[in-house]
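These notes are about the structure you will find just below.
Values in this text are rule-based calculations from the coordinates and carry no lab data. All of these numbers come straight from a predicted model, not from anything done at the bench. Methodologically, a virtual Cβ is constructed for each residue, glycine included, from the backbone with ideal geometry; neighbour enumeration extends over all protein chains shown.
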Amino acid sequence: MLSFFKDAADWLVYGLVGLSSQSRVGQALSFFVEDTAKIFFLLIVMIYLIALVRISLPVERVRGYLAGKHRLVGYFLGSGFGAITPFCSCSSIPVFLGFISAGIPVGMTMAFLLTSPLINEIAVVLLLSLVGWKITLLYVLIGLGVGIAGGMFLDAIKAERLLQGFARKVYEDGQHAHVAAGEKKRFTMQERHEFAKRELAEVFGRIWVWVIVGVGAGAALHGFVPDTWFEAHLGAGQWWSVPVATLIGIPLYSNATAIIPVMESLIVKGLPLGTTLAFCMSTVAASFPEFVMLKQVMQWRLLAIVFLMLLTAFTIVGWLLNAMY
């Protein structure tokens, strides 16, 4: 079905508008029209369907469930919950505070916080349609691995002592409080439908601009950057290309949905898979805007630890993937 969008884009750009399929403008515009239409379609369908599921999965019940689990299980559950919830870094912070207020160990909470901006169900569906299941599976496993390993490490160094004062107090109070999950309300199908419509309007309204920005950047790379540029500068898999790509992503900011078209264009242009993922993951999870927001709940020392941990993880992952592919 998704091939319909390519055919429609080609007809619009090359047939109706009359641009040449060999021109850079034509190729860029066709890429932009195809990917924008495809992503918008998938977003509308997936946000609505996931909202129908999420209405029966309140955050309060999830954090109450996590609070009683063994830590090793909690790392996996925290990271997994981060992967299936459509939170960006800014919206993850209130959930982070909710978790620590329930007395959930900081490592479990950080597993959620690290994974949430990297993976969400929308990004997985879009990535699957763009680069295939193998790269999608690798991306998901890497994102989960970063969250789980990061959570374990932060618990090992007792990261709760490096929270901001108010956040540390909330955590300490939560450890001595009993968290009741409460009764689960039953919703009618009409109530579920209304909730899904509101969720669709809110989430789509928040991210559609980022989709256009991301696809626009991808289209520019696809149509105007010479095919040999990335291969010549970063495409040989040099050891230094991965940390350089990671550092380039720090001043930028995107979410997982918007970065995927850019990722596709970089791979098509000849950038190795590991270098591409290192850049994209840095942009999504280790950017300056992200850390400005995290400063609300973390001291500088904890921010620096998380920052260096992420950059190290992304660099190592990039090196490994470049060696494998």
Kindly rank 71-82, 135-146 from highest to lowest mean number of other beta carbons found within 10 Å of each residue.
71-82, 135-146
Mind ranking 24-31, 193-200 by how tightly packed they are, going by the mean number of other C-beta atoms within 10 angstrom, highest first?
24-31, 193-200
Loop-resident trypsin sites (Lys or Arg not before Pro) in region 124-172 with no more than 16 other Cβ atoms inside 10 Å, DSSP not H/G/I/E/B, are K158
Among 35-42, 261-268, 308-315, how do they line up by average Cβ neighbours within 10 Å per residue, starting with the highest?
261-268, 35-42, 308-315
